[in-house]
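Worksheet for the structure shown next.
Readers should treat all values here as calculations from the given coordinates under stated rules, not as data from a laboratory. All values reported here derive from a predicted model rather than from experimental measurement. Reconstructed Cβ throughout: ideal geometry from the backbone, glycine too, with neighbour counts over all protein chains shown.
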Amino acid sequence: MSSRPDQTLWTFRLPNGSDVTRTLPGESSDENEPHAEMTRWLSPQKMKGETSNWGALIPNDADLPLSLRDFDSTFRRAWIDHSCTLFIQLKAIADTDQQHIGDFLSATVDEMHAHPPCNIILDLRFNTGGGYTKAARFASHLPDFVPPSGLIYLLTGPQTFSAAITTTSFVKQAAGSRAIILGEPVGDLLTFYGEGNAGCLPHENLCLHFATGMHDYGHRCNDWDRCYWLNWIFPVPVKSLAPDETIKMTFADYTARRDPVFERAVVLAADSSRRVPSRTPST
């Protein structure tokens with residue numbers, strides 16, 4: 001709380017159960033100060049341009065689960081414990097810095113052709129979107145790479161947004177009951193607005209994004225004045241993207257170096273793979 005604009009009063013509970021109160025002064029934000037999506041706060045890795053004296057709660061991301069490590073890598077894949085379950089993580093449906101989503105998805109397809117997975121964990125929890133056409137073919141054909149008894153575990157959360165919702169829908173539409181959604185609900189309804197443009201106020205240094213294209217994945221969108229035209233070429237009707245198991249990650253989980261959503265997916269995939277002939281990758 002605070003009665004002043006230049007400081008706030010905080011009460012902290014320490015590990016031993018005692019409380020301490022501290023006054024924290026405010027600072028003016030530099031226009032060159034690095035910023036990132038909220039989920040990036042889960043990473044102890046320093047961002048580019050971040051001051052050297054900034055300390056993280058957890059000193060090293062090597063102490064964190066696989067799903068929370070290496071946050072600066074937008075696209076990642078790994079075999080879980082040298083098993084036949086492939087973990088794929090997409091934090092954007094777009095090229096970022098020197099990382100190109102097309103190259104990553106192409107290499108992932110090549111790897112799945114060479115070493116077919118028995119199950120796939122696709123983590124879209126930290127994905128705020130991009131251009132869904134970049135992942136449409138990959139997502140729609142993802143079930144083709146697992147056997148009929150194999151499953152795809154989709155990890156979603158409040159930051160699964162925009163084109164990441166569409167990508168989730170592509171997989172759900174293609175895989176049907178073989179797609180198991182774990183985590184928290186995606187960050188928007190099945191009907192939402194995207195696309196659009198940006199504009200700045202004429203007398204203030206304030207710019208805003210406005211959305212003009214309507215997406216409706218629960219119903220067919222036939223209103224040419226509102227519906228995003230590309231959805232006629234890439235229709236993705238799904239009844240629901242509600243999690244099959246709602247699992248939240250708490251602050252206590254994070255401080256304990258746990259990711260309960262990812263852990264649950266690994267357990268379910270291991271149980272499923274016991275019923276599938278061994279297809280352990282050679283690499």
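If you look at the Cα atoms of segment 157-259, you get an Rg and a Dmax of 17.1, 53 Å. The residue list Phe161, Ala211, Val146 was ranked by how far each Cα lies along the charge dipole of segment 142-283 toward its positive end, using unit charges on Cβ atoms, and Val146 comes out on top. On the principal axes of its alpha-carbon atoms, the chain has extents of 61, 53, 34 Å, going from largest to smallest.
For the chain, the number of Lys pairs with C-alpha atoms closer than 27 Å, counting only pairs eight or more positions apart or on separate chains, is 13.
When you count the other C-beta atoms within 10 angstrom of each residue and take the mean per peptide, 69-76, 182-189, 205-212, 216-223 line up highest first as 182-189, 69-76, 216-223, 205-212. Compactness of segment 1-90 was expressed as the Cα radius of gyration divided by 2.2 N^0.38 Å, which yields 1.49. Projected onto planes of every orientation and averaged, the convex hull of the alpha-carbon atoms in segment 1-153 covers 13.2 nm².
Take 78-88, 8-18 and order them by the average number of nearby Cβ atoms within 10 Å per residue, most first; the result is 78-88, 8-18.
Expressed in units of 2.2 N^0.38 Å, where N is the residue count, the Cα radius of gyration of segment 74-156 is 1.03.
Projecting the Cα atoms of Pro65, Ala107, Pro44 onto the dipole axis of segment 31-116, where Lys and Arg carry +1 and Asp and Glu carry -1 at the beta carbon, places Pro65 farthest toward the positive end.
With the convex hull of the Cα atoms taken as the outline of segment 90-242, the averaged projected area works out to 10.4 nm². Taken over the Cα atoms of segment 42-111, the convex hull encloses 98 Å³ per residue.
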